Amino acid sequence: RPDIDNPDQAYTIQVKENVITIGAATAEGFFYGLQSLKQLYRYNCREWFDDQSVEIPCMDIYDYPNLQKRGWMVDISRGPIITMEYLKKQIQILSEFKLNLLTLYTENTFKSSTYDYAPADALTPEEIKELTEYARNYYVEVVGNQQCFAHFEKILSNPKYAYLADSKYNLNPAEPETYTFLENILDEEMQCYSSLLFNINCDETEALGTGNAKNFVKKHGAGNVYVEHILKVYDILKKRNRRTLM
């Protein structure tokens, strides 16, 4: 039907007395129909658990999503870093709920070949590419993610990168090297993801202007400094044909 949202993800399920039919215009739509059929089966398993067979009532379903992208974010930057095995299991489970976008919240947990700040068990470019390929089998898009302003304390606590700090928590927008650093790590990370979306976060910048950027922020105003920082990061992504999420 042309009047529905996201017809490429739509599906039908028809349950008759002796046959069940899933219909869809695309393999992705068929995948979502199969997830709904699994849910119907599981629900009726509970209803019929004392019986030898499971009965699903006769019905007709026509379903499609209002939102094209339905995602979740996994924090891999606090506590033990999630293993690839666990991430793959999450993709399997959450795709059954028809979620189709995953982004991994990243502070210092990407293993850069340019900068030495990541812990030993951080995700490598090869692992991200592997996860992206794996997720594609479940119609899940893995979206790049890098904290780009505050929540930078894990990197800034390293003496090698202390010169980039405003406060202990956030980057210094008055330091030109801040943007060289961001451009280098973002460029490296973007090469690992096939998605054209990229999440820059930039949340909780309450400490902006409380350290080395105090005079800069006082002169230009915190709001203006924040907006200019976002636009600079946006331009880094735009040059590489990426769409900014934050």
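The values are calculated or read from the model by the stated rules, or taken from the named source; none is laboratory data. Everything numeric in this text was worked out from a predicted model, so none of it was measured. A quick note on method: Cβ atoms are made from the backbone with ideal geometry, for glycine too, and the neighbour counts reach across all protein chains shown. Each accessible area value is taken on the protein alone, full model and side chains, heavy atoms only, with ligands, DNA and RNA left out. Shrake-Rupley method; radii C 1.70, N 1.55, O 1.52, S 1.80 Å.
Tabulated values for the structure
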| item | result |
| --- | --- |
| Residue satisfying condition, being open to solvent by 60 Å² or more (accessible area, probe 1.4 Å), hydroxyl-bearing (Ser, Thr, Tyr) and in contact (Cβ under 8 Å) with a residue 60 or more places away in the chain, within set Thr83, Thr132, Thr103, Thr114 | Thr114 |
| Single match in Glu153, Glu206, Glu183, Glu175 (criterion: open to solvent by 30 Å² or more (accessible area, probe 1.4 Å) and in contact with a Phe, Trp or Tyr (Cβ under 6 Å, 6 or more places away or on another chain)) | Glu153 |
| Scope segment 133-181; condition more than 18 Å from Val74 (Cβ to Cβ) and basic (Lys, Arg); matching residues | Lys160, Lys168 |
| Number of the condition not met by Val225 [criteria: (1) more than 30 Å from Ala135 (Cα to Cα); (2) surrounded by fewer than 17 Cβ atoms within 10 Å (Cβ to Cβ)] | (2) |
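To keep it simple, each residue is scored yes or no on (1) among the polar types (S, T, N, Q); (2) modelled with pLDDT of 95 or more; (3) open to solvent by less than 100 Å² (accessible area, probe 1.4 Å).
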| site | (1), (2), (3) |
| --- | --- |
| Ser36 | yes, yes, yes |
| Asp50 | no, no, no |
| Ile61 | no, yes, yes |
| Pro65 | no, yes, yes |
| Lys69 | no, yes, yes |
